[in-house]
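One structure is given below, encoded as C-alpha cells.
The values are calculated or read from the model by the stated rules, or taken from the named source; none is laboratory data. This structure is a prediction, so every number in the text was calculated from the model and none was measured. A quick note on method: Cβ atoms are made from the backbone with ideal geometry, for glycine too, and the neighbour counts reach across all protein chains shown. For the accessible areas, the whole protein counts, side chains as well, though only heavy atoms, and no ligand, DNA or RNA atoms are used. Shrake-Rupley method; radii C 1.70, N 1.55, O 1.52, S 1.80 Å.
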Amino acid sequence: MPHKVVVTRRLPGGWVEELRKVAEVDLWEGESPAPRDWILERVVDADGILVTLVDRVDRELIDRAKRLKVISTYSVGYDHIDVAYARSKGITVTHTPEVLTEATADLIFGLLLAVARRIVEGDRLIREGNWNKPWSPEFMLGKEVYGSTLGIVGMGRIGRAVARRAKGFDMRVIYYSRRKHEEVDYEYVDLDTLLRESDFVVLTVDLNPETYHLIDYEKLSKMKRTAFLVNASRGAVVKEDDLVRALKEGLIAGAALDVFEREPIGKDHPLAQLPNVVLTPHIGSATRETRERMAEVAVRNLILALEGRKPLYEVP
Ligand code: GLV
C-alpha cells in the first residue's frame, strides 16, 4: 500500500473499508476516544490522519508527523486543529461542511421550540408525577415562536438553514456577522442591535480568537429579559459562568445548549440545575444519514489529498 493512515475512531457506514482499498489503515477500535499516546506513536510515519473533534491536533502532534500530508477532520469545526501551523508544514487540512447543515439546523430549531414552549420541562413534570391539576389557563406559559424575532449570529451555511426554517414560522430574521452578505435578504444589524431586538438569539459562528467568549455578561445584559439564547456551535463562544449568572438573575428567560466549554458535562453542572435551560449532549449532526455522509466526505477528502488532488472541502 502506498499510503499509511491513522483513523482515530470507528465511523458509521462502510467508508473505512473503502479507505483500506487504497491505504494501510491503523484504526482505533475503542468505544472511547483514542488515547493521545496511541495517536502520537502512530502518527510518526503516517501520510494522513482522520480525526474527530475530540482529538487535539497541536504543534506537538504535527511535529511528530514528519510525513503527514493531510489532516481530515470528521467535523465542520476545526478549532481543535492548529491549522496555521499545519499549513506552515505544507499539510492540507480538510473538514465536512454542507453534509451536516440541515441536520444541525433541525436540532437548533428543535432546541428553540423546546425551550420556548417548555417541552422538556413539561416532560419532566409528568415523569416526576407532578401533573396533578386539571387544565388551567395560565399553566406552563411559554413564549410564542410564530411571528417573533430571530437573531442569528453568523450567517454561514447553518445560519442560513436556520433562517429558512424561520420563514415557515413567519419570524422576522435579523443577523450579525463579520460582514454583510449581499446574497441573503435578511436584515444585517450590529451585534448590540441584534441582542436588543431578538426574542431568540441563535449562535452559529465557528470558534476562533474573535468569537471566543463573544457572549459574556455584558452582552447577555443587552438581551430582552424575555429572550432566549440557543447555542449549537462551540461552548466557548459563550462565557459559561456569565451565562449561569445571567440566567440566575433573570437577565434572560432561558437557554438551549448543545455545546459546553468542557464536554461532557454531568448532572452537577450549574446549568443542569436551572429549570429554564434545555441541554443536549453535542448532537447537532447526529442523525444516521448525516453521520454516514460525514464519513464519506472525511474519507474522500483524505484520499484525494493523499493522491495530490483537490479535496472536497479544505478548511478556509
Ligand atoms: C460538530 O460539532 C462539528 O463541528 O462537526
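Couple of notes before you dig in:
- In order through the range 170-183: 3J(HN,Hα) via Karplus (6.51 cos²θ - 1.76 cosθ + 1.60), integer Hz, x for Gly, Pro: 6, 8, 7, 10, 10, 9, 10, 8, 4, 9, 6, 9, 4, 7
- Portion, in percent, of the accessible area of the chain that falls on carbon or sulfur, probe 1.4 Å: 50
- Relative contact order (%) - the chain, alpha-carbon pairs under 8 angstrom, separation at least six: 19
- Taking amide H as placed 1.01 Å from N in the peptide plane, the amide H of Leu27 sits under 5 Å from that of Val7, each at least 5 places away or on another chain.
- Per residue value of the accessible surface for the chain (all protein chains in place, 1.4 Å probe), Å²: 50
- Residues whose amide H comes within less than 5 Å of that of Thr280, counting only those at least five positions distant or on another chain, are Leu257, Asp258 (H built at 1.01 Å from N in the peptide plane).
- Calculated FRET efficiency for the pair Ala84/Glu314, C-beta based, R₀ 22 Å, to 0.05: 0.95
- Relative contact order [Cα under 8 Å, 6+ residues apart], the range 71-132, whole percent: 28
- Max mean-square fluctuation residue, GNM over the chain, Cα-Cα springs under 10 Å, options Ser177, Ser32, Ser75: Ser32
- Using θ = phi - 60° in the Karplus curve 6.51 cos²θ - 1.76 cosθ + 1.60, the 3J(HN,Hα) couplings for the range 197-202 round to 9, 7, 8, 9, 9, 10 Hz; x is entered for Gly and Pro.
- Overall size of the chain from C-alpha positions, given as principal axis extents largest first: 70, 48, 33 Å.
- Each peptide in 185-196, 50-61 gets a packing score, the mean of other Cβ atoms within 10 Å over its residues, and the list from highest to lowest is 50-61, 185-196.
- Take every Cα pair under 8 Å whose residues are at least 6 apart in sequence, average their separation, divide by the length of the range 111-181, and the relative contact order is 30 percent.
- Within-13-Å neighbourhood charge of Val57 [Cβ basis; K, R +1; D, E -1]: 0
- Averaging 1/r across all pairs of distinct Cα atoms in the range 101-279 and inverting the result yields a Kirkwood radius of 16.6 Å.
- Extreme residue, positive dipole direction of the range 97-200, given options Tyr176, Thr193, Ile126 (C-beta unit charges): Ile126
- Length added when fully stretched, His269-Trp38, from 0.36 nm per residue minus Cα-Cα: 80.1 nm
- Dimensionless Rg over Rh [the range 59-201; C-alpha; Kirkwood]: 1.14
- Summing Lys and Arg as +1 and Asp and Glu as -1 over all other residues whose Cβ lies under 11 Å from the Cβ of Met1 gives a net charge of +1.
- Helix-derived mean residue ellipticity, 222 nm - over the chain, DSSP H n ≥ 4, -39500 (n - 2.57), to 500: -9000 deg cm²/dmol
- Among 292-299, 243-250, 24-31, the order from most to least packed when residues are scored by Cβ within 10 Å on average: 292-299, 243-250, 24-31
- Its Kirkwood hydrodynamic radius, worked out from the mean inverse distance over all distinct Cα pairs, puts the range 52-118 at 13.8 Å.
- For the range 266-277, 3J(HN,Hα) per residue [Karplus equation, 6.51 cos²θ - 1.76 cosθ + 1.60, θ = phi - 60°, Hz, x = Gly/Pro]: x, 6, 8, 4, x, 5, 6, 8, 9, x, 8, 10
- Dipole size of the chain about its Cα centre, with +1 on Lys/Arg Cβ and -1 on Asp/Glu Cβ: approximately 240 debye, rounded to the nearest 20.
- About its Cα centre, the range 173-316 has a charge dipole of approximately 220 debye under the convention of +1 per Lys or Arg Cβ and -1 per Asp or Glu Cβ, with nothing else charged.
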